[in-house]
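Following: one structure in structure tokens, then a few remarks.
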Amino acid sequence: MKINSSPVRPIIKFRSSERKIVDMKSYKDIEKKHSPEEIAESLVFPGPKDPDKRAEMLSAFREIRKQQKENQSEESKLISQLLQLKFLIEDYLKADSFNKDFYFGYFLKEYITRLEKKNKQFANEIDVDPTELSQIINQHRKPTEKIIYRLEIHSNRNFPAIMWFKILEKERAYELLHDKSIVNKEKNHVKQQLHFSLLT
Amino acid sequence: MELVTLNVNIKETSTGSLLEAVIEPMTPADFKVIKKSREKFDKFDWSQYRQKEVYKLRRRDNDIILGLMCLIDHTDDATDAIEIELLEVSSENIGQRKQLDLIGGCLIAFACRESFKRGHRGCVFLVPKTSLLNHYPARYGFEYIPLKTHNRPGGFMILYEPGARKLIKVYLDENQQ
């Protein structure tokens with residue numbers, strides 16, 4: 001087996017005062033210690049570093065990719081788009097930051113759009129009034145629990161209710177932090193309140 | 001796009017029990033750590049990849065790095081894929097005497113997830129060594145596409161949507177482990 005020079009730094013020389021030479025392992029060394037199965041399980045080596053060879057490789061790749069895209073089924077495309085949405089939601093929920101564009105209705109609209117459905121058709125599929133659906137999408141009202149449960153069922157549990165609830169929860173937390181009037185407008189309904197703070 | 005961490009499970013080979021781990025972007029401090037612990041990552045010179053998109057896998061309860069992966073995001077419409085440029089599992093976790101399993105699989109599955117997330121429809125590729133042509137397909141389901149270029153025989157290992165989904169299910173779905 002010829003040693004591929006690109007992934008391996010043959011010898012890294014330190015200053016003489018350090019009196020040591022670190023030898024990054026060559027592919028031959030790796031092969032002596034591990035079987036090809038073990039290497040493939042745990043290592044990926046870089047492709048050609050030479051710009052011309054790399055350009056040639058990527059050009060060939062694009063041809064293959066073009067053919068694959070032309071032959072990709074509609075179902076496969078749909079699955080990919082829904083997985084993209086699911087992973088974006090998962091990551092958004094995990095992130096500390098809040099993005100005001102990522103409200104419940106935005107993700108719901110994305111779900112409907114990726115399915116290539118009209119709002120009215122989708123409302124019919126989950127037995128919800130189209131006006132109510134439209135108001136949720138446009139942030140004029142919050143979704144009810146029943147809609148969230150129906151979203152889980154409609155998506156065959158690929159977008160579980162808990163995921164939708166978490167989007168709503170993140171949205172509500174942001175609103176509460178930035179709009180004091182949400183709480184204050186209920187002030188007149190509270191007849192009694194504690195007269196001390198726990199941490200002062 | 002904000003980079004976030006991903007929780008995964010790796011397996012302790014001695015007990016078979018699952019351990020919580022995290023995949024997250026490398027920091028400049030991590031590269032210094034890797035440079036100092038060359039006995040654990042002795043196959044590649046990772047300092048050359050400082051400016052690139054590099055992820056590490058570590059156990060959730062400590063900072064010891066167990067695996068590294070460099071990705072290239074080919075955003076142009078024609079390529080439209082994630083390339084795994086480099087991947088290395090720490091020395092003590094390669095081969096029959098490895099202490100922890102699933103590290104490489106979790107990293108490759110993470111690349112698949114990123115491919116979906118970034119709109120590449122799960123397309124992930126890598127350039128294989130000739131002697132490993134049969135083993136990436138066997139281990140991770142890659143499809144080998146042979147190519148004859150002017151310079152040498154070669155080719156790619158490619159995962160498309162079905163293969164990428166399968167890896168995500170096997171390595172990233174908690175319910176499957």
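Here are a few things to note about the model shown:
- Table column - 3J(HN,Hα) (Hz), the range B:20-34, Karplus curve with 6.51, -1.76, 1.60, x for Gly and Pro: 6, 9, 9, 10, 8, x, 6, 9, x, 5, 4, 5, 5, 4, 4
- Each Lys and Arg Cβ is given +1 and each Asp and Glu Cβ -1; about its Cα centre, the protein assembly as shown then shows a dipole of about 840 debye.
- A:THR200, B:THR15, A:THR144, ranked by accessible area, largest first (probe 1.4 Å): A:THR200, B:THR15, A:THR144
- Residue mean of other protein chain beta carbons inside 10 Å, A:180-192: 0
- Difference of contour (0.36 nm per residue) and Cα-Cα distance, B:ALA78 to B:GLU20: 17.1 nm
- On Cα atoms only, tilt of B:161-172 relative to the major axis of chain B in degrees: 0 degrees
- Net lengthening on full extension, A:LYS28/A:GLU75 (0.36 nm per residue, minus Cα-Cα): 12.5 nm
- The protein assembly as shown - percent of accessible surface contributed by carbon and sulfur, probe 1.4 Å: 49 percent
- With DNA, RNA and ligands ignored, accessible area of B:ASP42 (1.4 Å probe; Å², nearest 10): 20 Å²
- Solvent-accessible area per residue in chain A equals 66 Å², computed with a 1.4 angstrom probe and all protein chains kept.
- Scaled radius of gyration (Cα, divided by 2.2 N^0.38 Å) that the protein assembly as shown gives: 1.18
- Protection-proxy order for peptides B:158-165, B:22-29, each taking the mean of Cβ atoms within 10 Å per residue, highest first: B:158-165, B:22-29
- Overall form of the range A:144-194 per C-alpha gyration tensor (a/c, 1.5; a/b vs b/c): prolate
- Heavy atoms of B:ARG60: accessible area, 1.4 Å probe, square angstrom to 10: 120 Å²
- If you take the Cα centroid of the range A:80-113 and the Cα centroid of the range B:63-86, the two points sit 23 Å apart.
- Of all lysines in the structure, those lying under 26 Å Cα to Cα from A:LYS191, and not within fewer than 8 positions of it along the same chain, are A:LYS180.
- B versus A: buried accessible surface, summed, Å² (probe 1.4 Å, to nearest 100): 5400 Å²
- Full extension of the chain between A:ASN158 and A:LEU176 yields a length gain of 3.5 nm, computed as 0.36 nm times the residue separation minus the alpha carbon distance.
- Over all pairs of different C-alpha atoms in the range B:1-149, the reciprocal of the mean inverse distance, the Kirkwood hydrodynamic radius, equals 16.2 Å.
- For the set B:ILE10, A:ILE64, the ranking by accessible area, highest first and with no ligand, DNA or RNA atoms included, is A:ILE64, B:ILE10 under a 1.4 Å probe.
- Three-way shape label, the range A:96-180, alpha-carbon gyration tensor, a/c 1.5: prolate
- B:GLU20 contributes about 120 Å² of solvent-accessible surface, heavy atoms of the protein only, 1.4 Å probe.
- Zone of B:ARG50's modelled label, taken as backbone nitrogen in the range B:1-39 under 13 Å from a point 7 Å along Cα→Cβ: B:27-36
- For chain A: rounded, prolate or oblate by the Cα gyration tensor [a/c cutoff 1.5]: oblate
The values are calculated or read from the model by the stated rules, or taken from the named source; none is laboratory data. Remember, predicted model here, so these are calculated numbers, not experimental data. Backbone-built Cβ (ideal geometry, glycine too); neighbour counts: all protein chains shown. The accessibility values were calculated without ligands, DNA or RNA, using every heavy atom of the protein model including side chains. Shrake-Rupley method; radii C 1.70, N 1.55, O 1.52, S 1.80 Å.
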